[in-house]
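Structure first, commentary second.
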């Protein structure tokens, strides 16, 4: 399959993340980049913008504004041209999907392809049926590649309201977190990087209300933020980036954002019960120093 | 059938509350409570297997009673200032109409922790009540009326104040009726907790 990787307003973080895909040789045997910003590809960017090169999948990285140009052509024009000939369009990362950090760039009306944060945009409405969103800052390489293989094999992917494959985004990042026991019994983490404790209560962890597979499909096949001792920053969500990412916003001790679908009263009732537990095993370090 | 048993349990708890208030917790026995209800002692044990079990059920019952009243206030579409006043009103009204309830909370639950140590750890048996107070605080901060602070510094200010007043009333030290203090106390609490 022939793929075009188009960079719009981006830090190229998704490009770098993609390079960590562990089976790149196999991938490059199965897919051909007609253009990619850092991988050897068949055409120059000038060719891509001046001609119409046959292509099956359009990957867009970065936030989109009509003002932003690649090789002196507006990215909007490039997208419009290639969207007509490709089977599928994939927004790679949170900027291309929701606007993300580069929504704050100086370019006029910067947003994701179909969404400005959580609000649908009127632009590119006719492309919605072709688009799959893979949000994340950066994109998870395996989630991106597995989606591309699903397209190649014509596997129908069920999508959520933001066009994200449910296979990867129906879960929360909390799902599979090795700290779940600490979450259950409300045992705080005291320091980033420690193995023990849950970071939801004090350290800003957004995993219980962030959709993604980070703790199900590990990064570099090894680890995830929360497993390593850093809070989930909610990077797959339309609200990313929020402010004060390392502190839990609380109102009189109650977290402002609760796990998805959990009512405040239910949460507090459960919290009152779990706070009564005193579990030595979970209060101690897992390994002796 | 279950409702009938529940109704009977509530009758027993009410009689026990009244006896505890009149005679004291330790001086009141299960046979005393049975006698006041014209029940056999044996039958009493079908409802509560011991006085300690009864004691824990009563505190849960009081917490549910007050929690339900507070929930109604929390669900009203009114300002935090008005909610503050309504909570003070409900607390003082309960203390006036059902003095044995608040009395139990202050003089038995808080003063005899050994009775409650198994099964009522932490806030377990007063969960409904505390949950509603937490929601009142949380919503007050969220809408910008109340100042963000540690939960317990706010909780202590609010409940310590109300408990103290009811305690003074119980000691017959207060010169006026409790409801005559509602205006001043609501004002003081709101002023202490508010953002301004």
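Laboratory data are not the source of any read-out in this text; all were calculated from the coordinates shown. Keep in mind it's a predicted model, so treat the numbers as computed, not measured. Every residue, glycine as well, gets a Cβ built from its backbone with ideal geometry; the counts of neighbours run over all protein chains shown.
On the Cα set of the range B:1-49, report Rg and Dmax in Å, please.
Values for the range B:1-49 (Cα only, Rg and Dmax): 10.6, 33 Å.
Hey, with R₀ at 41 Å, roughly what FRET efficiency would residue B:38 and residue A:256 work out to, going by the Cβ-Cβ distance, to 0.05?
0.15
If you build a Gaussian network model of chain B, linking Cα atoms that sit under 10 Å apart, which residue out of B:37, B:106, B:19 swings the most?
Evaluated over chain B, the most mobile residue of the options is B:37.
So how far, in whole Å, is the C-alpha centre of the range A:98-112 from the one of the range A:219-245?
21 Å
How much of the DSSP bridge set in the protein assembly as shown is antiparallel, in percent, rounded to the nearest 5?
Around 40 percent of the beta bridges assigned by DSSP in the protein assembly as shown are antiparallel ones.
In cubic angstrom, how much convex hull volume per residue do the alpha carbon atoms of the protein assembly as shown span?
Dividing the Cα hull volume of the protein assembly as shown by its residue count gives 202 Å³.
To the nearest 10 degrees, how steep is helix B:127-142 against the longest Cα principal axis of chain B, on a 0 to 90 scale?
10 degrees
Would you calculate a helix-derived [θ] at 222 nm for the protein assembly as shown, using -39,500 (n - 2.57) for each DSSP H run of n ≥ 4 and dividing by the full residue count, to the nearest 500?
On the way: 21 runs with 209 residues, N = 485.
Dividing the helical sum by the residues of the protein assembly as shown leaves -12500 deg cm²/dmol.
Find the eigenvalues of the gyration tensor of the Cα atoms of chain A, then list the square roots of 5 times those eigenvalues as equivalent ellipsoid semi-axes, largest first, in whole angstrom.
One finds semi-axes of 39, 20, 16 Å for chain A.
Quote the relative contact order of chain A in percent (integer), defining contacts as alpha-carbon pairs under 8 Å separated by 6+ residues.
14 percent.
Measuring from label point to label point, each 7 Å out along Cα→Cβ, what is the residue A:119 to residue A:156 span in nm?
Going from the residue A:119 label point to the residue A:156 one covers 3.4 nm.
Beta carbons within 10 angstrom, averaged per residue: use that to sort the peptides A:276-284, A:64-72, highest first.
My ranking of the peptides, most packed first, is A:64-72, A:276-284.
Rounded to the nearest 5, what % of DSSP beta bridges with both residues in chain A are antiparallel?
DSSP beta bridges in chain A are roughly 40 percent antiparallel.
State the extension gain, in nm to one decimal, for the chain segment bounded by residue A:126 and residue A:21, taking 0.36 nm per residue of separation less the distance between their alpha-carbons.
Additional length available on full extension: 34.6 nm.
Give me the distance between the Cα centres of the range A:161-180 and the range B:76-123, rounded to whole Å.
Each part's Cα centre sits 42 Å from the other's.
With just the Cα atoms defining each centre, how far is the range A:46-71 from the range B:132-185? Give it in Å.
63 Å
Provide a whole-number value for the mean count of partner chain Cβ atoms within 10 Å of the Cβ atoms in peptide A:274-282.
Counting Cβ atoms of other protein chains within 10 Å of each residue's Cβ and averaging gives 2.
Before anything else, pin down the relative contact order of the range A:98-152: Cα pairs under 8 Å, at least 6 apart, normalised by residue count, whole percent.
In percent, rounded to a whole number, it is 22.
What shape does the range A:2-168 take by its C-alpha gyration tensor, where a ≥ b ≥ c are the square roots of the eigenvalues and a/c under 1.5 counts as rounded, a/b above b/c as prolate, and the rest as oblate?
The shape class here is rounded.
Arranged by the count of other C-beta atoms within 10 angstrom, fewest first, what order do A:11, A:137 take?
Least crowded to most crowded, the residues run A:11, A:137.
Which distance in nm do the two modelled labels at residue A:228 and residue B:168 give, with both placed 7 Å along the Cα-to-Cβ direction?
Between residue A:228 and residue B:168, the simple spin-label model gives 5.9 nm.
Once label points are set 7 Å from the Cα along Cα→Cβ at both residue A:278 and residue B:159, what is their separation, rounded to one decimal in nm?
Calculated label separation equals 1.9 nm.
I'd like the FRET efficiency for residue A:2 and residue B:147, computed as 1/(1 + (r/R0)^6) with the beta carbon distance as r and R0 of 51 Å, rounded to 0.05. Working shown, then result.
On the way: r = 60 Å, r/R0 = 1.18.
Rounded to the nearest 0.05, the efficiency is 0.25.
Given R₀ = 30 Å, what would the calculated FRET efficiency be for residue B:79 paired with residue B:53, taking r from the Cβ atoms and rounding to 0.05?
0.10
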